Structure formats: structure tokens, C-alpha cells
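Worksheet: the structure to be examined is printed underneath.
The values are calculated or read from the model by the stated rules, or taken from the named source; none is laboratory data. Quick caveat, the model's predicted, so the values are computed rather than measured. When we count neighbours, we look across all protein chains shown, and the Cβ atoms used for this are built from the backbone with ideal geometry, even at glycine.
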């Protein structure tokens, strides 16, 4: 009887202790969320410095840190087909002090085709979207290809002679280009580069016929390159004279996003704070003007909308790659 009472008392004591510990942990987490941020935040940019996506990230971060009240330290990690940054973010502590930008390739394509250290849906929390990247096909300004139709006509007459540069075989740019080539029944020759900057240099040096990737509008405005096709369903209002997918009946999806991403287990309270700060940053005149100069249209998606968008497109490309025999 005494033993039974002793066991009961111990059980009650343990339960009370557990409740107290859990209560203290919950209170501590709530207090941390309420005070967030209390120190500088690291924002990892998964591309090389100077490319349009990098410049857009720098624009919004500069405005967002004003709302958050803490510095945001920028760190470029552009290795592993763009997967080094997402891998670092996914493995970070979910406290809101490690955020970053994850592009469409590392989110929708590369993890399906290569072994990476993260799952783009299960390991990352997509907090908000602030813009839509501009991708497409461009040539040197003095190229004989004045239009996209000119390039296709040349490729039909000269199989595998039209050379192009992009950021690797498994990049979304290359995959979409190959799908277009199949539809047009032409054969291009790929020259893979480590970055869009290298593709641009190859174009300017006359080493390739065309490049696929971020559209470098400063070079367009300087009269050094000409854009033949934008990878969008409809023509860009900022560049209405350049044809888009719809002009040629291309139905290949090309989802794009400029975003703020954190590790999956990020507390909802911190997600809301980050979302609000970056959403407010989109209204800043300096951000709006900077995006106009980059020819990148601002576009907002909330955390819920963006996580759904990523999950849907990851599933879509998984289906496409299976149909093409690229994965099992």
C-alpha cells in the first residue's frame, strides 16, 4: 500500500515537473518570437554576385532590415547547381536568423535529377515571394539572328550547329530549351557554363550563337545584346516587343520566383514577422525603382500561397521528367 502511494506521488511529481518544463519551453519560445529579431540575420543568395536575382535580393533586403530593426548580412553561395544555398538553409536552426533566396532550378528540377542534401518541399519553408525572374534567349547585338524564327530556321537547316550556353545540363533553363527544341524538331548544341555571367561573356566574345538564362537588361540597354524570346506565358509589359511562349504555342511550364526562404520548422510567429517586413519593403520607392531598372516585375505571394506553388510545381516537374524517361 505504501509502495503504491509512493509510486503515485512520484508519478504526480514527474507529471508536474514535465508540465513545468514544457510550460517554460513554450514561454521561452513565445518570448523569443516576441523579441525577434534580437541580432543580425544572415540571408543566403544562391547565385553569383551581380546577376539580376542577386541584385533584386539586395534591393529588398536593404528595405526589409529597416522594418526588422536588425542588419541583414548577405552571403552568396552559388555552388552545386544552385543547391549549396538551399542545403545550408535547410540544415540551419529554425530560429529566423538564417534565411535566403532559392531559385526555381534548385526548387523544381535539380533535386529530381541529382542527389542533394535537402528536399525542396519537406525541408524548406517558403516565406514570401517578391518578384518574378526574367529568363529567356538572347544573342549578341550584331548577330544575324534578328528574331527567334531566324534562329529556329538556321537550326533546322544546320542540325547541331547552333550553339548555346546556359548554367548546366540539369538547369531548368536547359531543360526548357530542350523541350522547345523537341517541339520545333531542331537540334541545338549545349555549351554548359558555371554561371550566367560566363554565358554572357561567351556571347559577347562570339563563342556561342545564343544564351539562355537571366536576361541582362543593362547589356540590352547598352546595345550589346538583343533578346529573342522571354520564358513567360505572355509578353512582358516592360518589354512588349519581345515574343513570349504564347506567341509560338509553347506550353512548357517555366515557373519563376524571387523569394525569402527559411528552414521548414520555422515558427509561424517568426514567419509572419518576416513576411510582413519584406512585404512592406516591396512598397518602398527605392525597391520599386530598382526593380524597374532591372526589368523585374514585383509580385507577391504569401507563405501559404508560395509553399503550395512550390509543391505543385515540384510535383508537375516530377511527372514531366518521368514521362520523358529522365527519372523513374
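Between a residue in segment 230-247 that is touching a residue at least 40 places away in the same chain (Cβ under 8 Å) and any residue that is part of a loop (DSSP other than H, G, I, E, B), which pairs come within a Cβ distance under 6 Å, given they are 6 or more apart or on different chains?
230/242; 231/254; 238/295
Every residue in segment 316-328 that is surrounded by 12 or more Cβ atoms within 10 Å (Cβ to Cβ) and part of a helix (DSSP H, G or I), please.
Of everything in segment 316-328, those that are surrounded by 12 or more Cβ atoms within 10 Å (Cβ to Cβ) and part of a helix (DSSP H, G or I) turn out to be 316, 317, 318, 320, 321, 322.
Taking segment 259-286 as the search range and keeping residues that are in contact with a helix residue (DSSP H, G or I) (Cβ under 9 Å, 6 or more places away or on another chain) and without any contact (Cβ under 8 Å) to a residue 40 or more places away in the chain, which one is nearest to residue 118 (Cα to Cα)?
So the residue we want is 268.
For the structure I just gave you, tell me whether residue 289 is without any contact (Cβ under 8 Å) to a residue 40 or more places away in the chain and farther than 24 Å from residue 180 by Cβ.
Yes: the conditions hold for residue 289.
Show the residue pairs meeting these rules: Cβ distance below 7 Å; 6+ apart or different chains; first residue within segment 302-328 and under 17 Å from residue 172 (Cβ atoms); second residue at pLDDT below 95 and part of a loop (DSSP other than H, G, I, E, B).
Between residues of segment 302-328 that are under 17 Å from residue 172 (Cβ atoms) and residues that are at pLDDT below 95 and part of a loop (DSSP other than H, G, I, E, B), the close pairs are 313/255; 316/253; 321/327.
Please give the strands (runs of 3 or more DSSP E) falling wholly within segment 115-186 in which 3 or more residues are at pLDDT below 95, within 21 Å of the chain's Cα centre (by Cα) and assigned by TED's automatic domain parsing to the domain that holds residue 208.
Correct list: empty, since no element meets the threshold.
Can you tell me which residues in segment 77-104 are in contact with a helix residue (DSSP H, G or I) (Cβ under 6 Å, 6 or more places away or on another chain) and buried (at least 23 other Cβ atoms within 10 Å of the Cβ)?
82, 83, 86, 96, 100, 101, 102, 104 - these are the residues of segment 77-104 that are in contact with a helix residue (DSSP H, G or I) (Cβ under 6 Å, 6 or more places away or on another chain) and buried (at least 23 other Cβ atoms within 10 Å of the Cβ).
Could you give every pair whose Cβ atoms fall below 7 Å, whose first residue belongs to segment 22-46 and is assigned by TED's automatic domain parsing to the domain that holds residue 260, and whose second residue is surrounded by 13 or more Cβ atoms within 10 Å (Cβ to Cβ) and modelled with pLDDT under 90, counting only separations of at least 6 or pairs across chains?
Filtered contacts from segment 22-46: 46/78; 46/82.
What number goes with the only condition from (1) surrounded by fewer than 18 Cβ atoms within 10 Å (Cβ to Cβ); (2) touching a helix residue (DSSP H, G or I) at 6+ places or on another chain (Cβ under 6 Å) that residue 256 does not pass?
So residue 256 meets the others, but not (1).
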